[in-house]
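K.L.:
Please see the structure below; I have some questions.
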Amino acid sequence: MIGVILSLLATGFSLLLLGAILPLLIRREDTPVRTASLTATLLGSALLAGAALPVLLDATTVSATLWQMLPGIEFTIVLDRLSALFLLILGVVGIADAVYSFGYVEHCNHPIRRNLLVSLMNLFILSMGMVILAGTTVQFLVFWEMMAIASLFLVLYDVEDESVGRAGLFYAVMSQFSTVFLFIGFILLYGETGTFALVPAAPLASPAAIAAFLCLFLGFSVKAGIVPFHKWLPYAHPASPSNISALMSGVMLKVAVYGLVRSVLDIFTLDFAIGAVILLFGTASAILGIIYAYKETDIKCLLANHSIENIGIIFSGIGLAVIFTDLGMPALSTLSLLAALFHSFNHALFKSLLFMTAGSVVAATHTRNVEEMGGLVHRMPLTAGLFCIGAVAIAAFPPLNGFVSELMLFESFFFGLQAVDPLAKVLLISTLSLLSLTGALTAACFVKVFGIAFLAHPRSASAADAEEQCRPMLLGPAILAGLCVVAGVGSFQIFRALGYDLPLPDMLVVGTLMTATLAAIFLAAARTAPKTRVSETWGCGILSQNSRMEYTETGYSEPVVTIFSSIYRKEKKIEKTWLDPDRAIVAGARIEMSLIRFFEEYLYLPIARGALAVSSQVQRFHAGTLDTYMLYTFVIIVILVLGLGWFI
């Protein structure tokens, strides 16, 4: 079996590498080249998923040292149950994304770049897979940086757009911050263990090890989009092509989650305080993510903010697992961790589904503004149905998968409240309350999005002219929609097959009862309903009703924006013109309302200004003489030798 799994991995990565090289070697800008490349993506992703499944089901570990890069640094792959889960996520989303891309790539601007798009997409998937399988810290960093570079070029696909350039700059800077923190953390880890192996022989608990964990936590948090390191997501995700947005949100963020879970489980021994920090960061990200998503009119930016919210939910589960482990509650720790891991899988499914269907809508309407959509359920019924399944899943309605993973998390809170001390109860009750509010706002947000984008009359000519997309752009999301249903309805059986007896209801029974009840209500209503007269809604005396009379996104969001005005920090500007020199009679007025970008203005920009000030001071050293530069070089070499001597 081990030989078969290694063969599947080798063939899968070889196909992805072929898919990356082929469009660059064959420079014909036509569809067959891209079709061949995407076929390699599809097959390679399927083989990776096929390699992950037996390891996940049998709880085995597959490892192999392929070659020695340098003395003491080996190229090793390790596939255990944890990495198998995230490799399965990569494979499943990769399959659906490849199918979707057969149609979507041909809609992208700049035909000359479409080959580069599918090439970088393969490289992106390959690098994420190698990060998940990395057995050494050196491998991890190399492929982590490859993942960052590939995704950066994908974000910059429409680089002529000024907003895309800004998004690329934001993403590049935050990616480098992530790498720097990981590099420092791995250096500190090497100082403790004396080896480059990712997982030491025994978990570490010294002060230096805790410092290493905090650096790794910051590095993974930046890449995962945890508040306050989250601002790159609402820039990078809308700027990227939608098939890449699905990969970034569905898989890349989970690679960062994988790194954190690996650190928590196998590398460090953590205490209550560290668990509380992870829980608080996660809860803050969940509530702020949904609050910022609620007021968005850009459909892809809205989904990006929801990624912040869901990653916050996942981090909350990881934090709970650390807390319960420290308190000696292994059963609750396992339940919390499984909730976080299952939500990672579920989020990959429904968020990739939502980004793909949103991409189909944008391709059909040529706008990301939901205020300019409307009526699409009549013009794109299949896309609307698939988006609805994703919306129901992310809103955690039964019996779909989002409900099950969030139910597991809430069970961890409720069971924990019965056993922990009063101080821990305060922490759990506070975070539970905020996560409950997050769930309610998420449901309301997707009622808003679906209602305004898909229902009522078209709000623009482009929405009125929209048409259903091609079959690949329906089949890719349909695969994920089906898995959302299967993972929810079959969750009880899935965990039983994995060897976990969890306090979960059998969602197959629940789903069957819900379906039967709804069918009975529908049939009863259809038989007993009186004859009805179909006419337009009364329009207050206005004879012709049009889209201007519909509920707007801004109007729907206004109550929530008002309630959370202290967070949104609204700024209002009023400009008046006057009929008389004494300014007594108003001729007209113009009101401008905008939301202050708190984290940018009060966190990122001050740091950027400080960096520029330091750079201007350092710049003065550039005008020295050759002797001065030689002195600088000598001093740096001495510092490096002394630093390395401290580790060695």
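The values are calculated or read from the model by the stated rules, or taken from the named source; none is laboratory data. None of these values were measured; they are calculated from a predicted model. Here the Cβ is made from the backbone with ideal geometry for all residues, glycine too, and neighbour counts use every protein chain on show. These area figures cover heavy atoms from the full protein model, side chains too; ligands, DNA and RNA do not enter into them. Shrake-Rupley method; radii C 1.70, N 1.55, O 1.52, S 1.80 Å.
K.L.:
Starting from the 7 Å offset along Cα-to-Cβ, what nm value, one decimal, do you get for the label separation of Ala464 and Thr11?
P.N.:
5.4 nm
K.L.:
Arrange the residues Cys301, Cys540, Cys470 by how much accessible surface each exposes, largest first, with a 1.4 angstrom probe. Show your work: numbers first, answer last.
P.N.:
Working: Cys301 15, Cys540 105, Cys470 50 Å².
Reading off the accessible areas and sorting them downward yields Cys540, Cys470, Cys301.
K.L.:
What FRET efficiency comes out for Thr65 versus Leu640 if R0 is 30 angstrom and r is the Cβ-Cβ distance? Round to the nearest 0.05.
P.N.:
Details: r = 29 Å, r/R0 = 0.98.
Efficiency for this residue pair is about 0.55.
K.L.:
Can you grab the distance from the C-alpha centre of region 4-45 to the C-alpha centre of region 130-168, Å, no decimals?
P.N.:
19 Å
K.L.:
Additional query: Compute the long axis of helix 330-365 from its Cα atoms, compare it with the longest principal axis of the Cα atoms of the chain, and write down the angle in degrees, 0 to 90, nearest 10.
P.N.:
With rounding to tens, the tilt is 60 degrees.
K.L.:
Let me ask another. Working out 0.36 nm times the residue gap between Leu423 and Val180, then minus their Cα-Cα distance, what length gain in nm do you get to one decimal? Can you show the working numbers first?
P.N.:
Details: separation 243, 0.36 × 243 = 87.48 nm, distance 3.54 nm.
Extra length available between Leu423 and Val180 comes to 83.9 nm.
K.L.:
Let me ask something additional. For Ile2 and Leu523 in one chain, what is 0.36 nm times their gap in residues minus the Cα-Cα distance, to one decimal in nm?
P.N.:
Working: separation 521, 0.36 × 521 = 187.56 nm, distance 5.39 nm.
So the chain would gain 182.2 nm between Ile2 and Leu523.
K.L.:
Now a separate question. Given Ala209, Val62, Thr438, which one lies farthest toward the positive end of the charge dipole of the chain, if we put +1 on the Cβ of every Lys and Arg and -1 on the Cβ of every Asp and Glu?
P.N.:
The residue sitting most towards the positive pole is Thr438.
K.L.:
Still on this model: What is the distance in Å between the Cα centres of region 46-90 and region 92-122?
P.N.:
If you average the Cα positions of each part, the centres end up 27 Å apart.
K.L.:
Then there is this: At a Cα cut-off below 20 Å, give the aspartates and glutamates reachable from Lys223, other chains included and same-chain residues fewer than 8 away excluded.
P.N.:
Correct list for Lys223: Glu145, Glu309, Glu600.
K.L.:
Below 8 Å between Cα atoms, with a sequence gap of 6+, how large is the relative contact order for the chain in percent?
P.N.:
On the way: 998 pairs, mean separation 73.6, N = 648.
Dividing the mean separation by the residue count of the chain yields 11 percent.
K.L.:
Can you give the accessible area per residue of the chain, in Å², using a 1.4 Å probe?
P.N.:
Numbers: 28800 Å² over 648 residues.
Result: 44 Å² of accessible area for each residue.
K.L.:
Where in the chain is the longest stretch that carries no GluC sites (Glu not before Pro) classed as loop by DSSP and with at most 10 other Cβ atoms within 10 Å?
P.N.:
Details: sites that count: Glu160, Glu467, Glu536.
Counting at most 10 other Cβ atoms within 10 Å as exposed, the longest clean stretch of the chain is 161-466.
K.L.:
Next question, about the same structure. Applying 1/(1 + (r/R0)^6) with R0 = 22 Å to the Cβ-Cβ distance of Tyr551 and Ala443, what FRET efficiency is obtained, to the nearest 0.05? It would help to have the intermediate numbers written out before the result.
P.N.:
On the way: r = 17 Å, r/R0 = 0.78.
E between Tyr551 and Ala443, to the nearest 0.05, is 0.80.
K.L.:
How compact is the chain by the rule of thumb for globular proteins, expressed as Cα Rg over 2.2 N^0.38 Å? Please list the in-between numbers first.
P.N.:
Numbers: Rg = 26.4 Å, N = 648, 2.2 N^0.38 = 25.8 Å.
The value comes to 1.02.
K.L.:
List, in the order given, every pair from Lys254/Lys300; Lys295/Lys351; Lys295/Lys425; Lys300/Lys425 whose Cα-Cα distance in the structure shown is over 30 Å.
P.N.:
On the way: Lys254/Lys300 19 Å; Lys295/Lys351 19 Å; Lys295/Lys425 32 Å; Lys300/Lys425 37 Å.
Too far apart for the 30 Å limit: Lys295/Lys425; Lys300/Lys425.
K.L.:
Leaving out ligands, DNA and RNA but keeping every protein chain, what accessible area does Met507 have, in Å² rounded to the nearest 10, with a 1.4 Å probe?
P.N.:
0 Å²
K.L.:
Got a number for carbon plus sulfur as a percent of the chain's accessible area, 1.4 Å probe?
P.N.:
Details: 19790 of 28800 Å².
Ligands and nucleic acids excluded, carbon and sulfur reach 69 percent.
K.L.:
Sticking with this one: Using alpha carbons only, how many angstrom separate the centre of region 232-259 from the centre of region 400-467?
P.N.:
A separation of 20 Å, based on Cα centres.
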